[in-house]
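*Asks:* Pasting a structure below so you can have a look.
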There are 2 protein chains.
Amino acid sequence: MENKKPISLQTLKRLPIYLQYLKALQRDSVKHISSTSIALALGQNDVQVRKDLASVSDRGKPKIGYVLIELISDIESYLGYDNVQNAVIVGAGNLGRALLCYHGFSNYNLDIVAAFDNNDDIIGKMIKNKQIFSINKLKNLCERMKIKIGIITVPDYEAQKVCDLMVESGILAIWNFAPINLNVPKEVIVQNENIGSSLAILSKHLKEKLYK
Amino acid sequence: MENKKPISLQTLKRLPIYLQYLKALQRDSVKHISSTSIALALGQNDVQVRKDLASVSDRGKPKIGYVLIELISDIESYLGYDNVQNAVIVGAGNLGRALLCYHGFSNYNLDIVAAFDNNDDIIGKMIKNKQIFSINKLKNLCERMKIKIGIITVPDYEAQKVCDLMVESGILAIWNFAPINLNVPKEVIVQNENIGSSLAILSKHLKEKLYK
DNA sequence: TAGATTGTTAATCGATTAACAATC
DNA sequence: TAGATTGTTAATCGATTAACAATC
């Protein structure tokens with residue numbers, strides 16, 4: 001299914017959550033699934049789920065719902081998980097190494113091919129079959145391998161510099177773990193992963209529960 | 001400032017981002033700051049910033065803006081960063097260990113006091129001065145230390161079990177890194193950290209840039 | 001057929017942005 | 001004083017939810 005109306009950012013964020021749940025069902029050999037039951041399992045409104053799914057698949061049938069494998073396939077192809085996406089990571093500190101070791105990215109067909117750092121002590125080392133290169137090699141490798149996704153796990157004061165280098169290297173999508181606003185040209189997208197925002201929600205809730 | 005009208009979830013998520021920026025300014029010895037300049041630096045709408053700040057501080061002055069240290073203090077106290085918050089982490093795999101080593105939590109006055117796992121090979125080891133205990137010790141330690149924040153970094157099929165144990169141990173706020181929907185009583189809050197949602201946004205953008 | 005489910009249209013809700021008066 | 005900034009009220013925008021017709 002191609003090119004219905006553009007879907008909202010909120011829907012886009014929910015699709016991977018549905019997908020995860022659907023894949024778990026698949027392991028349990030479930031064959032069919034309805035929006036209503038997905039909504040129930042994930043604690044969401046059923047109309048919302050139905051609308052979200054309708055935006056990426058038109059194979060839903062009244063009374064039956066969706067055939068599980070068809071729905072999974074439609075969501076995956078919408079999200080672009082049907083092509084492997086190569087990525088590089090800059091910053092091989094604790095967080096960078098953890099991401100490098102994380103197996104779960106295969107679920108999203110994301111493959112981190114290499115890491116880069118400016119610390120001579122770790123340049124040249126291998127982590128889980130992946131080599132840590134000097135930051136100087138970033139541009140060359142990205143261009144040669146046509147890498148379009150960059151992950152930033154350096155300290156905040158280095159993040160903009162790294163970001164600029166990524167843009168120069170042809171990267172179009174940046175996953176930023178540094179707590180800072182990055183300036184990029186408009187053809188590049190930045191997704192900020194903000195630990196602070198999540199913690200704020202927990203902290204506020206706790207404050208209300210404990211002191212009120 | 002206490003108890004104006006309740007602020008929105010969106011505002012709550014943005015406050016830590018402002019705070020981060022304000023602290024960076026502090027290092028540069030800036031003394032005053034306006035909503036307009038924050039908005040400009042962070043690429044946001046100035047009315048939005050003004051409203052967000054007004055919801056936690058009433059010390060803004062026309063023409064001058066805010067005194068930096070006052071604004072920082074108001075945001076921090078609103079977010080509850082003025083008390084140290086102790087947390088435990090369950091699941092000492094790659095991600096769990098990375099979080100355990102992460103220094104940045106001190107910015108949020110969050111202190112991870114211990115990790116728990118069910119793998120005998122790592123139980124008893126120390127990571128950055130923090131011990132990995134058997135999961136069997138979780139309840140006792142949480143009760144004794146009155147720990148209210150739990151971080152889940154176990155595989156998805158173990159997450160609900162761990163969650164139940166946390167709830168039983170008196171934990172009220174759960175930061176969940178497992179890609180699964182957790183069922184909790186209504187007094188407990190769950191904040192899901194969803195890698196898939198972030199990646200979906202990047203992946204979709206890339207698909208549009210590259211294939212259209 | 002009746003009931004469960006789909007997809008769509010309309011209503012509601014909440015968040016963002018615009019307009020503007022107040023003020024240091 | 002004039003201009004920059006604040007805070008507030010109103011308008012707009014977008015997302016969620018409700019209502020309902022279509023259908024296997």
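Bear in mind that the values in this text are calculations on the coordinates, not laboratory data. Here the structure is a predicted model, which is why all the values come from computation and not from measurement. Cβ: placed from backbone, ideal geometry, glycine included. Neighbour counts: every protein chain shown.
*Asks:* Which single residue of chain A puts its beta carbon nearest to the axis of rotation relating A to B, and what distance, in whole Å, does that give?
*Replies:* Closest to the axis: A:A98, 2.
*Asks:* To one decimal in nm, how far is A:K128 from the same spot in the other copies, if labels go 7 Å from Cα toward Cβ? Please give the shortest first.
*Replies:* Ordered by increasing distance: 1.8 nm.
*Asks:* Too long at a 28 Å Cα-Cα cut-off: which of A:K31/A:K128; B:K23/B:K63; A:K128/B:K148; A:K23/A:K61?
*Replies:* A:K31/A:K128; A:K128/B:K148
*Asks:* Starting from a label point 7 Å past Cα on the Cβ side, list the distances from B:G43 to the same position in the other copies, nm, shortest first.
*Replies:* 3.1
*Asks:* Using modelled backbone amide H atoms (1.01 Å from N, in-plane), which distant-in-sequence or interchain residues come within less than 5 Å of A:Q131's amide H?
*Replies:* A:A115
*Asks:* Also, quick follow-up: Which value, in debye to the nearest 20, describes the size of the charge dipole of the stretch A:67-206 about its Cα centre when Lys and Arg Cβ atoms bear +1, Asp and Glu Cβ atoms bear -1, and nothing else is charged?
*Replies:* Roughly 300 debye for the stretch A:67-206.
*Asks:* Considering only DSSP beta bridges with both partners in the protein assembly as shown, what is the antiparallel share in %, to the nearest 5?
*Replies:* So the antiparallel bridges in the protein assembly as shown amount to around 20 percent.
*Asks:* Can you compute 3J(HN,Hα) from phi for each residue in the stretch B:105-121, using the Karplus curve 6.51 cos²θ - 1.76 cosθ + 1.60 with θ = phi - 60°, rounded to whole Hz and x for Gly and Pro?
*Replies:* For the stretch B:105-121, the Karplus-derived couplings read 4, 4, 4, 9, 6, 9, 10, 7, 8, 6, 10, 10, 7, 10, 8, 4, 5 Hz, x marking Gly and Pro.
*Asks:* Right, another one. Report the residue, chosen from B:N176, B:N118, B:N45, that carries the largest GNM mean-square fluctuation when chain B is represented by alpha-carbon nodes joined by springs under 10 Å.
*Replies:* Comparing B:N176, B:N118, B:N45 in a Gaussian network model of chain B, the most mobile one is B:N45.
*Asks:* Compute the label-point distances linking B:M145 to its equivalents in the other copies; points lie 7 Å from Cα along Cα→Cβ; give nm, one decimal, shortest first.
*Replies:* List, nearest first: 3.9 nm.
*Asks:* Taking neighbour Cβ counts within 10 Å as the exposure measure, how do B:D46, B:D156 sort from fewest upward?
*Replies:* Values: B:D46 14, B:D156 17.
Neighbour counts put them in this order, fewest first: B:D46, B:D156.
*Asks:* Within 10 Å of each Cβ of B:187-196, how many other protein chain Cβ atoms are there on average?
*Replies:* The mean count of partner-chain Cβ atoms within 10 Å per residue comes to 6.
*Asks:* Check A:N86: other-chain or 5+ apart residues with amide H under 5 Å from its amide H, H built from backbone geometry?
*Replies:* A:D111, A:K148
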